[in-house]
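Only the coordinates and a few stated rules stand behind these numbers; no lab work does. Keep in mind the model is a prediction, meaning the values are calculated, not measured. Neighbour counts are summed over all protein chains in view; Cβ atoms, including those assigned to glycine, are modelled from backbone coordinates with ideal geometry.
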Amino acid sequence: MGTTSALPRYQRKAVFTADLFERHRRMAVPLSRELRARYGRRAFPLRKGDTVRILSGSYVGREERVAKIDLRGYSVTLDNVTGKTADAKLKPLAIRPSHLVLTRLNLSDPWRRRLLRVPEGEEPTETEGARGDAPKPARAEATPAKAASSPRPKKKAKAPSEATP
C-alpha cells in the first residue's frame, strides 16, 4: 500500500504496481468550494455519474458528467469531450483527474452517502435525476421493444481456402 520512500523510482513503482483499491484512492479529485464547505472534505474519489469542471486544456471551464473511469491508466472520460482522429472520427478524450474539480456528486450509492454523512431522509440533490434529465426507462419496459425489432441477418460462413502442397 503505497511507499514510504522519497526516492522517485520507488514512487513511480508504487503508482504502476498499485492494487485497484489503491488506484481508486489515487483517483480522488478536489471538491468545489461549495461541496467542501457542505461535506467537510477536501477531496473525494471519482465515480461514474459525478459532474466535474475541467481546469486545464482546450476544454477549460466546461462542466461535464463522468462517463468512464480507467483505473489502469489513471484517466477519466467525460461526456461531450472528444477529439478528432486522423481519419476525422470523434474519439472520447482521456483526462487526468488532476485537471478536474468535482462540482456535483452522484449520491445514489449508500456507501458514498454514509462516508459523506448524508442523512437517509434527505433527498440527494446532486444525483442525475436532479439535473432535469429524463428518467431512464425501466428494464422491463425496454425489453419488449428490443424483442419487437427484426433480428439481424446471419453472416455466411467463408469456405476454407485450399492450401497448396
Quiz item: For the cross-link pairs Lys68/Lys91; Lys13/Lys48; Lys13/Lys89, which exceed 25 Å when the distance is taken from alpha carbon to alpha carbon?
Solution: Lys13/Lys48; Lys13/Lys89
Quiz item: Can you list, bin by bin at 10 Å, the percent of alpha carbon pairs in the range 19-129, starting at 0?
Solution: 14, 45, 31, 9, 2, 0
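Looking at the range 55-93, which trypsin sites (Lys or Arg not before Pro) are DSSP coil and have at most 13 other C-beta atoms within 10 Å of their C-beta? Intermediate results must be reported in sequence, preceding the final value.
Numbers: sites: Arg62, Arg65, Lys68, Arg72, Lys84, Lys89; in loops: Arg62, Arg72, Lys89.
Passing both the DSSP loop test and the Cβ count: Arg62, Arg72, Lys89.
Could you work out the local net charge near Leu31, counting Lys and Arg as +1, Asp and Glu as -1, over the other residues with Cβ closer than 9 Å to its Cβ?
For residues surrounding Leu31, the net value is +4.
Can you give the charge dipole size of the range 6-74 about its Cα centre, rounded to the nearest 20 debye, using +1 on the beta carbon of Lys and Arg and -1 on the beta carbon of Asp and Glu?
With Lys and Arg at +1 and Asp and Glu at -1, about 160 debye.
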Quiz prompt | FRET efficiency, Asn80 to Arg41 (Cβ-Cβ, R0 25 Å, nearest 0.05) | solution = 0.35
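Report the gain in length on full extension from Lys48 to Asp87: 0.36 nm times residue separation, minus Cα-Cα distance, nm rounded to one decimal.
Numbers: separation 39, 0.36 × 39 = 14.04 nm, distance 2.92 nm.
Value of the extension gain: 11.1 nm.
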Exercise. Could you grab the relative contact order for the range 19-129? Cα pairs under 8 Å, six or more apart, rounded to a whole percent.
Key: 26 percent
